[in-house]
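Below is one structure; the comments refer to it alone.
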Amino acid sequence: MADFTMPALGADMETGKVVQWRVAPGARVKPGDVVAVVETHKGAIDVECFLDGVIDDLAPLGEDLPVGAVLARVRGVDEAATPASRPPAAAAQPTPPQAGAPASGAATSQEAAPRIKLSPAARRRAQQLGLDAQTLQGSGTDGAVTLADVERAAAAPQPLAAARRGFDPAQMRRAIAAAMARSKREIPHYYLTSTIDFAAASAWLAAYNRERDPTERLLPATLLLKATAKALTEVPQFNGFHENGAYRAGPGIHVGWAIALRGGGLVAPAIHDADRKSLPELMLALRDLVQRARAGGLRSSELTDPTITVTSLGERGAESVLGVIYPPQVAIVGFGRVVERAWVVDGQVVARALVAATLAADHRASDGHLGGQFLLAIDRALQAPESL
């Protein structure tokens, strides 16, 4: 028997609540299966299981639970089920009498309220499923809730719109502020800036897009993302985490792409194995990620896996950006908008498309010399866009 716990969906998350279970007790689950929808300050997130077995003893819906709290238990396929140990999903809590209230012999309005009849078996099953039996429609004698009524309610699809209530911008802003304050307080940042000649990349991109339908065209962000991923294969010290006083390399190049949400706020979900994806694959992944981030359809692995963050301000942004590292990552790369400026080429001053690349890195894991090599590797990659 193993515990399936509330994941930390980012360094700024403290609690979350299950708003929808995608599986019923007794269902077979395997790593990668989406088993629940958890609501955080970033919105509703599809949470994936990381265990293999049979899921049981589900946490009730709608309760704020801290990171690390047990959401369910997963037993081996051949392991016998154990009795549910959780309290009812909406157990009535005794309320202390108010000053001047009648003695215990007098009925309160809460006690006088009619309660739905339900069998012990139905009560136990509702408890296992995280359902409030008092809200169910009963088909038994005098409207009693039966075991069949509970199973029917559990099988009925929950309206996703109700489960995904979105995020509170004010709450998200407070969480971001707390995470960034922690980052600046605990991480010894250093910053480097480099101006990159983007002319070759712009020319290659224009030629590539001319021959394709609008749905197949690439954005400059795709080249910036792939160039960063390629540079990380040359200078891998920026692709990982600083935890427990030491650097730990990332299991793959999972680039977190910063996405601004409508109404305010920011998320940086991962594009997994970005170095192994082709440019068209990266463009599809980026488009899909942005759409799901803004619609509330991100998966937990996309928020827990990023090994580095990239923020690109796009064509409407500022000319440069100095990021704040998202712990426990050790670096964040920033790209400003592509601008045309005077540039010296072969001794001649010419108009050239340029982009400012910046690096904020953790001095506990690297130094400026290595950071300079990393930015230079990004520059080299962008000078040969056909090889990306």
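If you take just the helices (runs of 4 or more DSSP H) that sit entirely in the range 94-199, which of them hold at least 2 residues that are out of contact with any helix residue (DSSP H, G or I) (no Cβ under 8 Å at 6 or more places or on another chain) and at pLDDT below 70? Talk me through it step by step, then tell me what you get.
Details: elements: 109-112, 120-129, 147-155, 160-163, 169-186.
Because the criterion is at least 2 residues that are out of contact with any helix residue (DSSP H, G or I) (no Cβ under 8 Å at 6 or more places or on another chain) and at pLDDT below 70, the helices (runs of 4 or more DSSP H) in the range 94-199 that meet it are 109-112, 120-129, 160-163.
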- Message: Being crowded, with 21+ Cβ neighbours inside 10 Å and small (Gly, Ala, Ser) narrows it down to one residue among 377, 342, 353, 381; which is it?
- Response: 381
- Message: Looking at (1) aliphatic (A, V, I, L, M); (2) buried (at least 17 other Cβ atoms within 10 Å of the Cβ); (3) modelled with pLDDT of 95 or more; (4) in contact with a helix residue (DSSP H, G or I) (Cβ under 8 Å, 6 or more places away or on another chain), which one does residue 370 not meet, given that it meets all the others?
- Response: (2)
- Item | Unmet criterion (only one of (1) over 20 Å from residue 203 (Cβ atoms); (2) touching a Leu at 6+ places or on another chain (Cβ under 6 Å); (3) of a type outside the set (A, V, I, L, M, F, W, C); (4) assigned to a strand (DSSP E or B)) for residue 341 | (1)
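Pick out, from the range 2-68, the strands (runs of 3 or more DSSP E) lying fully within it that include 3 or more residues that are over 20 Å from the mean Cα position of the chain (by Cα) and closer than 28 Å to residue 243 by Cα.
Details: elements: 2-5, 15-21, 34-40, 43-48, 53-56.
In the range 2-68, there are no strands (runs of 3 or more DSSP E) which contain 3 or more residues that are over 20 Å from the mean Cα position of the chain (by Cα) and closer than 28 Å to residue 243 by Cα.
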- Message: Can you tell me which condition residue 307 does not meet? The list is (1) buried (at least 22 other Cβ atoms within 10 Å of the Cβ); (2) within 15 Å of residue 228 (Cα to Cα); (3) in contact with a helix residue (DSSP H, G or I) (Cβ under 7 Å, 6 or more places away or on another chain), and all the others hold.
- Response: (3)
- Query: Among strands (runs of 3 or more DSSP E) lying entirely in the range 218-293, which contain 1 or more residues that are over 29 Å from residue 354 (Cβ atoms)?
  - Reply: 240-243, 246-249
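The values are calculated or read from the model by the stated rules, or taken from the named source; none is laboratory data. A quick note: this is a predicted structure, and the numbers were derived from the prediction, not measured. FYI the Cβ positions are ideal-geometry reconstructions off the backbone, even for glycines, and counts take in every protein chain you see.
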